[in-house]
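This report refers to the structure that appears directly beneath it.
Here, each number is a calculation from the coordinates, and none is a lab measurement. Keep in mind that what you see is a predicted model, and the values were worked out from it rather than measured. Cβ coordinates were reconstructed from backbone atoms using ideal geometry, including for glycine residues, and neighbour counts include every protein chain displayed.
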Amino acid sequence: MTNYLISIGEILFDANPKSGVLTLGGAPSNWAIDCHRLIAHEDLQTVVISGVGNDRLGQMVQAFLNNCKNKNGLAIKGLLAHVPDKETGIVMD
């Protein structure tokens, strides 16, 4: 039986204006990613549900979630709505 850890909410990028570095952020996604990395059970699937823009940053979010593996090699499932005519959120640090 598979158990699910589900996070629903915003996923965005934190931008550091001095360095120009973008870091994936948003409290719901940070919580899910940290839990996913720390809790390595073969019967626990982490799912992030959010919306992103239909843009390059939205594609980066999807790629990050696809490649975020825990100790057992399980990837996070990203159920992302790619919203047309919207940009993925950026917050300035």
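Remarks
- Farthest positive-ward along the chain dipole, Cα basis, beta-carbon charges - from Leu65, Val91, Gly26: Leu65
- Fraction of beta bridges assigned by DSSP in segment 1-72 that are antiparallel (%, nearest 5): 40
- For Lys86, a cut-off of 20 angstrom between C-alpha atoms picks up these aspartates and glutamates, skipping any fewer than 8 places away in its own chain: Glu10, Asp14, Asp55.
- Those trypsin sites (Lys or Arg not before Pro) in segment 58-89 that DSSP places in a loop and that have at most 12 other beta carbons within 10 Å: Lys71
- Under 17 Å of direct C-alpha separation, and excluding same-chain neighbours fewer than eight residues apart, Lys69 reaches these aspartates and glutamates: Asp34, Glu42, Asp43.
- For the chain, the longest principal axis of the Cα atoms and the long axis of helix 56-67 meet at an angle of about 20 degrees.
- Chymotrypsin sites (Phe, Trp or Tyr not before Pro) lying in DSSP loop within segment 1-63, provided at most 13 other Cβ fall within 10 Å: none
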